[in-house]
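Notes for the one structure printed next.
The values are calculated or read from the model by the stated rules, or taken from the named source; none is laboratory data. Since the model is a prediction, treat every value here as computed from it, not as a measurement. All Cβ positions, glycine included, derive from the backbone under ideal geometry; neighbour counts span all protein chains shown. These accessible areas exclude ligands, DNA and RNA; they are computed on the full protein's heavy atoms, side chains included. Shrake-Rupley method; radii C 1.70, N 1.55, O 1.52, S 1.80 Å.
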Amino acid sequence: MGSTASWWASRTRQFRTHLRARVAPAERAALEAWTSAGQRAVFDSMHVADRRHGLDVIASLRNDGAKDPDVLIAGLLHDAGKGDTGVGPRVAYTLGQRYGTWVWDVAAFLPGWRAALARLRTHAETSAVLAAAAGCSPRTVALIRNQDAPNDPEFGEMLRLADEAN
């Protein structure tokens with residue numbers, strides 16, 4: 001679980017990054033070289049913070065030596081199923097992961113948060129379905145679907161760690 005201070009520091013950084021998230025036109029244009037039109041459509045449908053996060057995850061993967069298109073596309077699209085849940089439910093979801101699902105039960109009383117929390121809880125499966133519909137390979141779909149409990153011996157844990165780091 002890590003130290004409480006480092007966990008809070010990491011989550012505070014992620015919160016600030018979420019609020020300031022931007023994707024430069026050149027970053028979006030660079031996707032043309034290695035993604036399909038369907039994959040770009042999924043990327044474009046994502047909340048800007050999730051698009052920024054996906055780009056940061058693939059940068060980490062590349063820094064760790066990943067070149068396989070399946071893992072890079074999984075890194076790019078792994079949070080596509082989160083939708084526009086809002087920052088509040090995302091904070092509550094993260095707190096629930098750390099401190100227990102009772103946090104979700106309390107937060108669910110706020111208007112609109114029950115549905116947002118449900119989307120966050122099921123986002124890996126939803127993201128995998130979106131990736132499959134966009135024509136991603138079965139391996140990419142499996143990497144996305146199993147992002148929280150990786151079972152790909154080569155890239156699953158690498159993807160999870162890049163996700164955590166960003």
To the nearest 20 debye, the chain has a Cα-centred charge dipole, built from +1 on Lys and Arg Cβ and -1 on Asp and Glu Cβ, of 580
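Give the carbon-plus-sulfur fraction of the accessible surface of segment 17-153 in %, rounded to a whole number; probe 1.4 Å, heavy atoms of protein chains only. Don't skip to the answer; put the middle values down first.
Working: 3920 of 6640 Å².
Heavy-atom surface of segment 17-153 belonging to carbon and sulfur, 1.4 Å probe: 59 percent.
Net charge within 13 Å of Arg11 by Cβ-Cβ distance, Lys/Arg positive one each and Asp/Glu negative one each, not counting Arg11 itself? Please report the intermediate quantities before stating the final value.
Values: positive: Arg13, Arg16, Arg90, Arg98; negative: Glu164.
That works out to +3.
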Residue-ordered couplings for segment 49-62, obtained by feeding phi - 60° into the Karplus form 6.51 cos²θ - 1.76 cosθ + 1.60 and rounding to whole Hz (Gly and Pro as x), are 5, 6, 5, 4, 4, x, 5, 5, 5, 5, 5, 5, 4, 5
Expressed in angstrom and rounded, the centroid-to-centroid distance over alpha carbons for segment 1-41 and segment 121-153 is 18
Heads up, segment 115-166 by the C-alpha gyration tensor (a ≥ b ≥ c square roots of eigenvalues; a/c under 1.5 rounded, else a/b over b/c prolate, else oblate) looks oblate
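Between Ala33 and Asp84, take the C-beta separation as r, use R0 = 30 Å, and let me know the FRET efficiency to the nearest 0.05. Please report the intermediate quantities before stating the final value.
Working: r = 28 Å, r/R0 = 0.93.
That pair, Ala33 with Asp84, gives E of 0.60.
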Expected unfolding gain across Arg20-Asp148 under the 0.36 nm per residue rule, minus the alpha-carbon gap, is 43.5 nm
Ranking Thr35, His53, Phe15 by how far each Cα lies towards the positive end of the charge dipole of segment 1-63 (+1 on Lys and Arg Cβ, -1 on Asp and Glu Cβ), the top one is Phe15
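For every other residue with a beta carbon closer than 15 angstrom to the beta carbon of Phe155, add +1 if it is Lys or Arg and -1 if Asp or Glu, then tell me the sum. Please report the intermediate quantities before stating the final value.
Working: positive: Arg62, Lys67, Arg139, Arg145, Arg160; negative: Asp64, Asp68, Asp70, Asp148, Asp152, Glu154, Glu157, Asp163, Glu164.
Here the count lands on -4.
I need the chymotrypsin sites (Phe, Trp or Tyr not before Pro) found in segment 1-52, filtered to DSSP loop residues with at most 14 other beta carbons within 10 Å of theirs. It would help to have the intermediate numbers written out before the result.
Working: sites: Trp7, Trp8, Phe15, Trp34, Phe43; in loops: Trp34.
Answer by residue number: Trp34.
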The chain accessible area per residue, 1.4 Å probe, protein heavy atoms, integer Å², reads 51
